[in-house]
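Data block below; observations after.
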Amino acid sequence: MIASRRVLVLLSIAVLIVAAGGCKPRHPRSAGAGQGASIAEQEQRLQDSRTVAALRAENEQLKTQLAQAREELEKNRGGTVGAALGIGAADLGEGWTQVGANRVALGEDFAFEKGSATLNKEGKAALQRLALRLNDGDHANAMVVVEGHTDESPVSRPRTRELYVDNWGLSAARAAAVVRALQEAGVNPQRLRGSFRGQYAPVPGAKDKAAHRRVEIYLEK
């Protein structure tokens with residue numbers, strides 16, 4: 001009986017020892033979570049670096065495109081009609097002004113009725129004087145660019161809205177009228193090119209709205 005009890009005690013002690021040895025605390029989830037967070041951070045850093053690299057590449061591409069556009073603009077920039085032909089706006093007579101150092105301009109208030117794209121007799125006479133210069137000298141074969149402009153006031157007259165819709169249409173129609181008048185005055189139509197800017201290219205520094213309402217003319221290089 002006593003021996004049996006001793007055996008039971010010994011077995012109990014052995015079980016406790018085994019249990020104690022096999023029950024070391026393990027936290028696989030905690031260890032895994034730490035490792036997972038590290039991988040996520042690394043992936044985020046990699047993604048961020050790729051994004052930065054892509055933005056830098058896009059920025060360089062935009063810089064290149066901007067440089068190309070500026071170069072193209074310089075190539076196509078026209079010289080002043082007056083300078084190219086040895087005359088200034090004052091030599092063209094009434095209705096003409098010099099726009100900076102690059103172009104001459106026919107005032108729309110001088111050449112057109114308000115809200116209209118039909119040239120009056122003064123405008124036609126001014127363009128006939130210009131045509132004589134355009135057909136004379138070494139630049140008689142140069143391309144002539146006619147560019148229509150308005151001020152920022154929206155088209156308000158019902159008839160003008162009906163015919164031209166807005167400032168885009170009005171500036172285009174007035175440029176076309178000048179092109180036709182130059183052709184009628186003897187300028188080869190193959191030398192003429194019409195353009196229009198609406199209200200979006202005002203004369204720099206001009207405070208009078210009338211200065212913005214003009215048709216600019218220049219020679220294309």
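Of the residues screened, Asn102 is one that is in contact (Cβ under 8 Å) with a residue 40 or more places away in the chain, among the polar types (S, T, N, Q) and touching a Phe, Trp or Tyr at 6+ places or on another chain (Cβ under 7 Å).
Inspect segment 114-124 for any residue being β-branched (Val, Ile, Thr), within 30 Å of Arg159 (Cα to Cα) and either buried (at least 18 other Cβ atoms within 10 Å of the Cβ) or touching a Pro at 6+ places or on another chain (Cβ under 6 Å) (or both) and give the result as yes or no. Checking segment 114-124: not a single residue is β-branched (Val, Ile, Thr), within 30 Å of Arg159 (Cα to Cα) and either buried (at least 18 other Cβ atoms within 10 Å of the Cβ) or touching a Pro at 6+ places or on another chain (Cβ under 6 Å) (or both). Residue under question is Gly93, and the condition is that it be touching a residue at least 24 places away in the same chain (Cβ under 8 Å), exposed (fewer than 15 other Cβ atoms within 10 Å of the Cβ) and at positive phi; does it hold? So Gly93 passes the test. Taken over segment 171-196, residues that are aliphatic (A, V, I, L, M) and more than 22 Å from Lys121 (Cβ to Cβ) amount to 1. Once segment 181-221 is narrowed to residues that are in a loop (DSSP other than H, G, I, E, B) and polar (S, T, N, Q), the residue that is farthest from Ser171 (Cα to Cα) is Asn188. Annotation note: Cβ proximity below 8 Å between a residue of segment 152-167 that is free of Cβ contacts under 8 Å to residues at least 40 places away in the same chain and assigned to a helix (DSSP H, G or I) and a residue that is polar (S, T, N, Q) and surrounded by 15 or more Cβ atoms within 10 Å (Cβ to Cβ) (sequence gap 6+ or interchain) occurs for Asn167/Thr150; Asn167/Gln199.
Readers should treat all values here as calculations from the given coordinates under stated rules, not as data from a laboratory. What you see is a predicted model, and the numbers here were worked out from it, not measured in a lab. Cβ: placed from backbone, ideal geometry, glycine included. Neighbour counts: every protein chain shown.
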